[in-house]
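Every number here is computed from the coordinates shown, using simple stated rules; none is lab data. Bear in mind the structure is a predicted one, so any value in this text is a computation, not a measurement. Glycine gets a Cβ as well: all are built from the backbone with ideal geometry, and neighbour counts include every protein chain shown.
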Amino acid sequence: MKPTVLKNIVLSLLILPGLLGCVSTTKTLDPESEVYYDASYDFSDKKKIVDKLVSPLIHEEFIPRRTQKPILIVYPVVNETSEHISTGGITDDIRRELLRSGKYRFISEEQRNNILKEDAYQQQGYVDPAMRIAMGKQLGAEYIVSGTLRSIKKKEPKQWRLTKSQRVYYSLDLTVTDLTSGELVYADQAEIAREASQPIIGW
């Protein structure tokens, strides 16, 4: 075999694994599976913390029983972490799970603002007067549901080692406040603590 041909074969064998490793792949993941690549907040954390905080409001009686279901409004969860975490999904999940329980009625802050815009449009004469929204007919919220997401990160001090570790602590505080009296009728916290290690050299 000629040296040139042998050289080309050797180069092909060396390059081929690298090319195969660059092939893009796509797969479907279970949203409820716990797959973590680092210590940061992960999509599976949302379900865990929402379930813990919503469950007592569904199965226990923190809000006094009345002849009609209490009317709640859920304000957006505030993100006080150092990460760019969209808390809109947490807010939506809290409202959806409580609504599905059948124990509460809800007013949407976002849709309430949209109703005001639609009402303003209808009052400009574009809509048949008989079909305009009747003012003063909306329900009023009796309780406010609000939450705050916080985090604390701690890295290992500098020292000689083969791996570096990071610990992250997340907490979501949820409260329910009586709009009439200002009384706090429910307060709870869901916590997640995670540690991740990775080699000093690598990618």
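Numbers at a glance
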read-out	value
Selection count where residues are within 15 Å of Thr175 (Cα to Cα) and in contact with a Lys or Arg (Cβ under 6 Å, 6 or more places away or on another chain), scope segment 49-70	0
Within segment 128-146, considering residues that are part of a loop (DSSP other than H, G, I, E, B) and not small (Gly, Ala, Ser), the one nearest to Gly182 (Cα to Cα)	Glu142
Members of segment 97-108 found to be outside any strand (DSSP E or B), touching a strand residue (DSSP E or B) at 6+ places or on another chain (Cβ under 9 Å) and surrounded by 15 or more Cβ atoms within 10 Å (Cβ to Cβ), listed by number	Leu98, Tyr104
